[in-house]
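S.K.: I am attaching a structure below and will ask some questions about it afterwards.
Any read-out appearing in this document is the output of simple, stated calculations on the displayed coordinates, not a laboratory observation. Note that the structure is predicted; figures quoted are calculated from it, not measured. Virtual Cβ from ideal backbone geometry, glycine too; neighbours counted across all protein chains shown.
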Amino acid sequence: MPSSSLKLRSILNNPSSLDLTRTWIPLDERPDPTLFVYDSALAKQILRAPTVQTYNLVTYWKIVSGINGETLTAIETLFASTPMFQHGHAHTGTRKRLLALYNDVESQLDLWLPDFCATFFSQAEVERQKNPEEFVGQFLESLIRAILAHHLDCSSASLPDFPKSIFRMMVRANNLREYDRHLAELAANAERMLEKSGQDPEMVWILMSISVMGKEPLFGALLYSILTKPSASVGWDANTLMHHSASVSILGREVIADCNIQDISLKKGQLVHICPFLIHLRDAFLKRSMAVAERAGPSSFSFGFGSHLCPGRKISLKIAQHFLDQMALRPGLVFDTSGLRMTRDFTLASATQT
Ligand code: HEM
């Protein structure tokens, strides 16, 4: 694993080691090092710059897991078909189609999400001392199955198994291969159903993005709510939770042409990692606008900034609010959080056994 990635993970999990009076640090000793940015004004300038673009995380995962020469057909098709690694007109066009589908999903959620959550939680309440990772995992798995089933006009049970998890820094070759196989099966099934229900089969990868790009950051955020406030009766509100959990650890960017941003001279090919969670920490440290810094409003970086701002924000807030409301209604729901602590890796916040 590149030494800059190891250093990055160590900073993310030990932020007290960071000098918060600075706005960025280099992550390695090279002449054009990977930059780690944690100042909101600098981050905004970088995220707006036309000379800086998102880089392909899948290539990075393949390098880290030693399978650079292999093709991961489903994973690569998914990321190529969603806006995350696209730029310019291609990005705008895909984003527009994706937002049309997400808006549809969001308005349908109003119809069935409250009942879905109440049923899930009332079944869960029967047993005590839950494992928080299993609980949140099962909640999101059945919820996202239900979202897909509503859209595909089929039953949740008729959908194949979902892939477990992809966004992990310690990506292992076999996990990636297994994920790819699962995703291909799920997508082939969804494509057939889209065709059957008279919808555009090409929307399949946009639909799959809900399970891939949606499930894992939501997992980190909901888990954060339990691990930091284990008593179900003590509530968060969704905006505050999203701000504090900032479960996407890094916005990864690559410089595509030499440029200067503030007093930093950036070279083509140089990588920049922007960290939402530490931007929040620094903002709080500088005591900038404490009131807004507490919520996932426009000043929050949890959902990113600029043209790639998370299009799943409204869906996420809705799901999180219903989850939190149910938690608050059920003081009998007790979680066993012993030995678990929140950790952050290159892409996401999650939990690790201590
Ligand atoms: C806790 C929940 C979530 C968080 C914290 C989160 C965070 C983010 C962030 C920070 C980005 C920007 C990445 C970048 O600029 O490099 C992003 C992009 C994206 N998110 Fe989310 N997200 C969440 C949930 C969701 C959900 C539920 C969906 C789908 C329904 C989703 C779909 C996407 C997509 C497709 C993009 C790429 C957009 C683009 O590149 O134009 N996210 N998300």
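S.K.: Want the number for residue 115 to residue 90: 0.36 nm per residue separation, take away the alpha-carbon distance, what's left?
M.R.: Result: 5.2 nm gained on full extension.
S.K.: Hey, can you grab everything whose amide H is under 5 Å from the amide H of residue 52? Only 5+ residues off in sequence or another chain; H modelled, so Pro and N-termini drop out.
M.R.: Amide H neighbours of residue 52, under 5 Å, 5+ apart: 256.
S.K.: Mind running the shape call on the range 29-160? Use the C-alpha gyration tensor, a ≥ b ≥ c as the square roots of the eigenvalues: rounded below 1.5 for a/c, prolate if a/b tops b/c, oblate otherwise.
M.R.: Prolate, since a/c reaches 1.5 and a/b exceeds b/c.
S.K.: Which whole-Hz couplings ³J(HN,Hα) result when phi for each residue of the range 29-39 is put into the Karplus expression 6.51 cos²θ - 1.76 cosθ + 1.60, θ = phi - 60°, listed in order with x for Gly and Pro?
M.R.: My calculation for the range 29-39 gives 9, 5, x, 10, x, 5, 9, 10, 10, 9, 10 Hz in order.
S.K.: Residues with amide H under 5 Å of residue 351's amide H, sequence separation 5 or more or different chain, H placed in the peptide plane at 1.01 Å from N; which?
M.R.: 343
S.K.: Further question on the same structure: Which whole-Hz ³J(HN,Hα) couplings does the range 129-142 yield from phi under the Karplus relation 6.51 cos²θ - 1.76 cosθ + 1.60, θ = phi - 60°, glycine and proline marked x?
M.R.: Whole-Hz 3J(HN,Hα) from phi for the range 129-142: 6, 7, 7, x, 5, 5, 4, 5, x, 5, 4, 6, 4, 6.
S.K.: Next question. For residue 340, what residues show an amide H to amide H distance below 5 Å, using hydrogens built from the backbone and excluding near sequence neighbours?
M.R.: 354
S.K.: Sort 22, 177 by Cβ crowding within 10 Å, fewest neighbours at the top.
M.R.: 22, 177
S.K.: For a test of the definition: using alpha carbon positions, the gyration tensor, and the 1.5 limit on a/c, classify the range 181-261 as rounded, prolate or oblate.
M.R.: Oblate shape, in that a/c is at least 1.5 and b/c is the bigger or equal ratio.
S.K.: How many nm separate the modelled label positions at residue 177 and residue 229, each set 7 Å beyond the Cα in the direction of the Cβ?
M.R.: Output for this residue pair reads 4.4 nm.
S.K.: At a Förster distance of 30 Å, what's the computed FRET efficiency of residue 330 paired with residue 284, Cβ-Cβ distance as r, to 0.05?
M.R.: Using R0 = 30 Å, I get an efficiency of 0.45.
S.K.: Using Cβ counts within 10 Å as a stand-in for footprinting exposure, how do 242, 208 rank, fewest first?
M.R.: Starting with the residue having the fewest Cβ neighbours, the order is 208, 242.
S.K.: Within the range 168-211, find all residues whose amide N lies under 16 Å from a label point positioned 7 Å from the Cα of residue 108 along Cα-to-beta-carbon.
M.R.: 187, 189-211
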